[in-house]
Amino acid sequence: MTPNAASSPRVTASPGESPAEVATNVVETYVKAFTALPTDTANLDSALGSLAGETVRAEIAAQLLELDANGWTREGTPTVASLTVVTSDPDGTPPTLSVVACIDSSDVVLKDSAGEAIQGGPQPRRALNTYVLQQNDDGSWIIVSHSFPNDPAC
């Protein structure tokens, strides 16, 4: 994995890396970059533009707008507990990977405008996330799609 030093993270595959290693590096970098975002959307494109495609950035913008509108903040960092490559098309135009990752949010706390933890009843702290990754012409990888399976338990 080679994240660039620029403001927007960029991940390229090293020679010999397996699809699972590439996907893990991309998803872990994305989760860290997403977690570091402030609740405003002003710098979203520069912060994630080299790692998340337009559709994924729009999804994130909606989440950030909801946080901002409610005066909520997030604390803590989710982690990638596991990741499975579902499909790999290295010869596609462009090359793609579809993966399912178990994201563990046990350390993430949502707080209201007064800084109090928001208690919303029992919520799963781990959830499956489905990502489609695409390799760009420059060799870097970008997440172009994000969704949840019908049963997100992991």
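The values are calculated or read from the model by the stated rules, or taken from the named source; none is laboratory data. Please read all numbers here as calculations on a predicted model, not as lab measurements. Accessible surface areas use protein heavy atoms only, side chains included; no ligands, DNA or RNA. Shrake-Rupley method; radii C 1.70, N 1.55, O 1.52, S 1.80 Å.
What number comes out for accessible area per residue over the chain if the probe is 1.4 Å? Units Å², please.
Details: 8340 Å² over 154 residues.
About 54 Å² of surface per residue is accessible.
Round to a whole number: what % of the accessible area of the chain belongs to carbon and sulfur, probe 1.4 Å? Please report the intermediate quantities before stating the final value.
Details: 4230 of 8340 Å².
Ligands and nucleic acids excluded, carbon and sulfur give 51 percent.
Got the relative contact order for the chain handy, in percent, Cα pairs under 8 Å and 6 or more residues apart?
23 percent
Connecting C-alpha atoms closer than 10 Å in a GNM of the chain, tell me which of Asn70, Asn43, Asn25 has the biggest fluctuation.
So, out of Asn70, Asn43, Asn25, the one fluctuating most is Asn70.
Could you go through region 97-110 in sequence order and give the Karplus-derived ³J(HN,Hα) for each residue, using 6.51 cos²θ - 1.76 cosθ + 1.60 with θ = phi - 60°, rounded to whole Hz, and x for Gly and Pro?
Listing the rounded values in order: 9, 10, 9, 10, 10, 8, 9, 9, 9, 4, 8, 9, 10, 8 Hz.
What is the set of long-range amide H partners of Gly53 at a cut-off below 5 Å, with H atoms built 1.01 Å from backbone N?
Residues meeting the criterion, in which the H sits 1.01 Å from N, are Ile143, Val144.
Order the following by accessible area, largest value first: Lys32, Lys111. Probe radius 1.4 Å; ligands, DNA and RNA are ignored. Working shown, then result.
Details: Lys32 135, Lys111 45 Å².
Highest to lowest solvent-accessible surface, that is Lys32, Lys111.
Quick one: which residues, 5 or more positions from Leu83 or on another chain, have an amide H under 5 Å from its amide H? H modelled 1.01 Å from N in the peptide plane, none for Pro or chain starts.
Residues meeting the criterion, in which the H sits 1.01 Å from N, are Cys102.
Specify the angular offset, from 0 to 90 degrees and rounded to the nearest 10, of the alpha carbon long axis of helix 54-70 from the longest principal axis of the alpha carbons in the chain.
Tilt of helix 54-70: around 10 degrees.
Cα axis of helix 19-36 to longest principal axis of the chain: angle in degrees, 0 to 90, nearest 10?
With rounding to tens, the tilt is 30 degrees.
In terms of solvent-accessible area of protein heavy atoms at a 1.4 angstrom probe, what is the ranking of Val109, Val22, highest value first?
On the way: Val109 55, Val22 10 Å².
Descending order: Val109, Val22.
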